[in-house]
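Trainee: Below is the structure I would like to discuss, written out as structure tokens.
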Amino acid sequence: MASVALGGVAADEPKAGDRAKVEQLRGSWRPESVTESGRRLTGADLEAYKGMTLTIQEGKSTLKAADGAVLSACELKVDAGRDPKTFDAKEIEGPGVGRIYKGVWEIRGDILKWCFSTKDRPEGFESKEQADFFLLVLRRQKPK
């Protein structure tokens, strides 16, 4: 298993190619679409997410509101050696402190698909109805 915490090794030493894939996660991402428990959000529901920013770096992910307030921060471990690539995030700041999120991810160009649940790890990039699954499609933000 090739797990890494961004910024340091969390378990076994990953292969060079896996480390490069993990490094692609570094940066700031903005939601373009959100699907929650099988329902794709639109209108005001979607707009509430579009102002948020997910920043991934140094073994941590941080979700901030449009005004910069931290909504959630997680310790993050990712595994690029699986198909699909996986992550485990433990909330360390926010309303769900201690909660564990299990997810899968993929990057194509400047688009990150980030699918997760607090129950079972998703097998792919679908948000199933009547399940605790979220699918975020995010676009990389260019540094200012």
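Trainee: Report Rg (one decimal) and Dmax (nearest whole number) for the range 49-126, counting Cα atoms only, units Å.
Mentor: Gyration radius and largest Cα-Cα distance of the range 49-126: 12.5, 36 Å.
Trainee: I'd like the trypsin sites (Lys or Arg not before Pro) in the range 34-85 restricted to DSSP loop residues with at most 11 other Cβ atoms within 10 Å, sorted by number.
Mentor: Those that pass, being in a loop and sparsely packed, number zero.
Trainee: Using a Gaussian network for the chain with springs between C-alpha atoms less than 10 Å apart, which of these wobbles most: Arg19, Arg108, Arg30?
Mentor: Arg108
Trainee: Of Gly59, Gly103, Gly38, whose Cα points farthest to the positive end of the dipole of the chain (charges on the beta-carbon: +1 Lys, Arg; -1 Asp, Glu; origin at the Cα centre)?
Mentor: Result: Gly59.
Trainee: Where the only charges are on Cβ atoms (+1 Lys, Arg; -1 Asp, Glu), what is the dipole of the chain about its Cα centre, to the nearest 20 debye? Kindly include the intermediate steps, with their values, before the conclusion.
Mentor: On the way: 25 positive and 23 negative charges, 80 e Å.
Roughly 380 debye for the chain.
Trainee: Which loop-located GluC sites (Glu not before Pro) does the range 36-144 contain, where loop means any DSSP state but H, G, I, E or B and the Cβ has at most 15 other Cβ atoms within 10 Å? Walk me through the intermediate numbers first.
Mentor: Working: sites: Glu36, Glu47, Glu58, Glu75, Glu91, Glu93, Glu106, Glu123, Glu126, Glu129; in loops: Glu58, Glu123, Glu126, Glu129.
Sparse-neighbourhood loop GluC sites (Glu not before Pro): Glu58, Glu123, Glu126, Glu129.
Trainee: Listing Ile56, Ile92 from the residue with the fewest other Cβ atoms within 10 Å to the one with the most, what is the order?
Mentor: Arranged by neighbour count, lowest to highest, Ile56, Ile92 become Ile92, Ile56.
Trainee: Using a Gaussian network model on the chain with a 10 Å cutoff between Cα atoms, which of Gly81, Gly68, Gly94 fluctuates the most?
Mentor: Most flexible of the set in this elastic network: Gly68.
Trainee: Of the lysine pairs in the range 3-140, how many meet both conditions: Cα atoms under 12 Å apart, and a spacing of 8 or more in sequence or different chains?
Mentor: Going through the range 3-140 pair by pair, I get 11.
A short reminder: the numbers here are calculations on the coordinates, not readings from a lab. All figures in this text were calculated on a predicted structure; none of them were measured in a lab. With ideal geometry, Cβ positions are generated from the backbone for all residues, glycine too; neighbour counts draw on all protein chains shown.
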